[in-house]
1. Search the range A:11-38 for residues being loosely packed, with under 14 Cβ neighbours inside 10 Å, hydrophobic (A, V, I, L, M, F, W, C) and assigned to a loop (DSSP other than H, G, I, E, B), and hand back the single one that is modelled with the highest pLDDT.
2. Would you confirm whether any residue within the range B:272-283 is within 12 Å of chain A (Cβ to nearest Cβ), surrounded by 15 or more Cβ atoms within 10 Å (Cβ to Cβ) and at pLDDT below 95?
3. Would the range B:255-270 turn up any residue that is closer than 30 Å to B:W362 by Cβ, of a type in the set (G, A, S) and more than 14 Å from chain A (Cβ to nearest Cβ)?
4. Are there helices (runs of 4 or more DSSP H) fully within the range B:213-310 with at least 3 residues that are touching a residue at least 60 places away in the same chain (Cβ under 8 Å)? List them.
5. Of all residues in the range B:72-115 being β-branched (V, I, T) and within 10 Å of another protein chain (Cβ to nearest Cβ), which is surrounded by the fewest Cβ atoms within 10 Å (Cβ to Cβ)?
6. Output the residues belonging to the range A:62-77 that are in a loop (DSSP other than H, G, I, E, B) and either at the interface with chain B (Cβ under 7 Å from one of its Cβ atoms) or in contact with a His (Cβ under 9 Å, 6 or more places away or on another chain) (or both).
7. Can we say B:I171 is assigned to a strand (DSSP E or B), of a type outside the set (D, E, K, R) and under 18 Å from the mean Cα position of the chain (by Cα)?
8. Do we find that B:P449 is exposed (fewer than 12 other Cβ atoms within 10 Å of the Cβ) and at pLDDT below 85 in this structure?
Amino acid sequence: MGLSLDEARKVAHLARIHVEERELPDIANELSVILDFMEQLNEVDIEGVEPMTSVTPMKLRLRKDKVTTGGEKDLILSNAPLPEQGFFSVPKVVE
Amino acid sequence: MDTKLREPESKIIVGTKDNWEMVIGLEVHAQVVSNAKLFSSSSTTFGTSPNSNVDFVDAAMPGMLPVLNEFCVEQAIKTGLGLKAEINTYSVFDRKNYFYPDLPQGYQISQLYHPLVGEGEVFIELEPGVVRRVRIEHIHLEQDAGKSLHDIHPSFSYVDLNRTGIALMEIVSHPDLRSPEEAAAYILKLRQIMRYLGTCDGNMQNGNLRADVNVSVRPQGSDELYTRCEIKNMNSTRFIQQAIDFEANRQVGIWEDGGTVLQETRLYDPGTGKTRSMRSKEEAHDYRYFPCPDLLPLEIEPEWIERIRDNIPELPDELKDRLIRQYGVSNYDADVLVSEKENAEFFEQVVINRNGKLAANWVINELFGSLNKEGLTIKESPISPEQLGSILDLIENGEISGKIAKNLFEIIWSEGGDPLKIVDERQMRQVSDTGSIESIIREVLAENPSQVEKYKKNPKLAGFFVGQVMKKTAGKANPKLVNEILEKILAEI
């Protein structure tokens, strides 16, 4: 299952990963090899087999509707490069 | 709801070549009423200082894992049951991947393939007996995004993550709506039902009820669905109607010019009254959904659903039917009374052992009228159901006239107190003693000989004497008796 250069370029863009045009053929090729490898799974007949969602038999845990966190604005903003007046600030994004 | 009801007419756009029918479907985003967020334990309180209701899960710090809030699930189930929908005992959370500054995870946790709630229905009544059934396609749970503010700094956008991670129900309808008015009525009906259920506040200004509106047009009589456009993020029913009108007419123009409508996302600008393409959204549509590996499927015990079902209150449609049946109020009055649950509750406290139509009339015209004028809610009413009930009793027993009752209402409204006592203290009772009414009438006739002469030539002038009697008694004479006795006396002269 070969991945075209256009597809590789699009995937990189959607993932917001900067890839130089000259790097694209190698990346497309590598991704194709990975996809081909995974393709082997399609050879297995899984008719009637329930999808396995957990390795151990367990159910989804739920939490109570209680407020126990938050109120730590300074901590939340401490890694932000440009905190401003309690906000994160980012290069302008306007529709 | 009754099957003999009629469907509303579609809104038709008369083009140069064809008549076109509007086809509308809505995706309504309703913020769930809960204390904590969908997958974290931070607060959902609106209007607090920026980034104060944010924890490490909301900020998507490395290694943080989502844990589902049980109550949010219950609220979505409750909403589903209120919309007569199937509840899926097996549902799955998926990741919807896109990059935006107010979405720190880089994906929104949502439900694409296995939503929590399946097919349901809503009825909207546009006028008495004219009802549209709107099918709900599904409802799923998902996370809300944060808020970006673009107008504080010239070159930066400011991001507040307080809203990030609050639970949203996305309620997806089939394309069953046929006019802008129906679309607005549908949102208001959903809002009303959710407010009855207590699952969404429906405050559109604060953005806790918003809609994406899908619009297409087709030649009248066609069953085909033509290409639709999606108008994003609308939070006003007025603008929704304007946007649908503009968009449908735009599409008719394109089809009639021999063009093709492109499926795209559009934005409505209330300033220009136009919709415009949001090109940037198009490529972002490649969301690469996949099951969220941090969350197991949500499996729901049928007993839980039944427990929730047992706690569903009487909903507006049933309540309205019952008010009409039980108290004989009109269809219109019933609509006004059920608009908010608290209004209907107040009415039902007033109407006990009393005339339903009179009670509805006073609750709607006097009470709601005064509340609106003062900008008060029913909970802030200075008049209690008991006080209003006493006023109604005084009217029904003929002890005060309707006009005096309005004065009494105003006194109770501003001063409070027991209506019975006030009527006695201020001598507001109606004079129903025939003897004294008769003597007042004779007084009036004696004082106005010229009017009596005029009356003899034109019997229509009897009203003058009634007015004088009322004036003399400060409006307290029983008007029915005054008319009867006056007629008798005038016949003698």
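The values are calculated or read from the model by the stated rules, or taken from the named source; none is laboratory data. Nothing here was measured: the structure is a model prediction, and the numbers come from that model. Positions of Cβ are backbone-derived with ideal geometry, glycine not excepted, and every protein chain shown enters the neighbour counts.
1. A:I17
2. First, the residues of the range B:272-283 that are within 12 Å of chain A (Cβ to nearest Cβ): B:276-281, B:283.
After this cut, where a residue has to be surrounded by 15 or more Cβ atoms within 10 Å (Cβ to Cβ) as well, the list is B:278, B:281.
Subsequent filtering for residues that are at pLDDT below 95 retains B:278, B:281.
Looking for residues that are within 12 Å of chain A (Cβ to nearest Cβ), surrounded by 15 or more Cβ atoms within 10 Å (Cβ to Cβ) and at pLDDT below 95, one finds at least one in the range B:272-283, hence yes.
3. Of the residues in the range B:255-270, the ones closer than 30 Å to B:W362 by Cβ are none.
No, the range B:255-270 has no match at all.
4. Values: elements: B:237-256, B:279-284, B:302-310.
Answer list for the range B:213-310: B:237-256, B:302-310.
5. Ranking the qualifying residues of the range B:72-115, first place goes to B:V92.
6. Within the range A:62-77, the first condition is being in a loop (DSSP other than H, G, I, E, B), and the residues that meet it are A:64-72.
Selection gives A:K64, A:D65, A:K66, A:V67, A:T68, A:T69, A:G70, A:G71.
7. Working: assigned to a strand (DSSP E or B): yes; of a type outside the set (D, E, K, R): yes; under 18 Å from the mean Cα position of the chain (by Cα): yes.
Against the criterion (assigned to a strand (DSSP E or B), of a type outside the set (D, E, K, R) and under 18 Å from the mean Cα position of the chain (by Cα)), B:I171 qualifies.
8. On the way: exposed (fewer than 12 other Cβ atoms within 10 Å of the Cβ): yes; at pLDDT below 85: no.
Taking the combined requirement at face value, the residue does not satisfy it.
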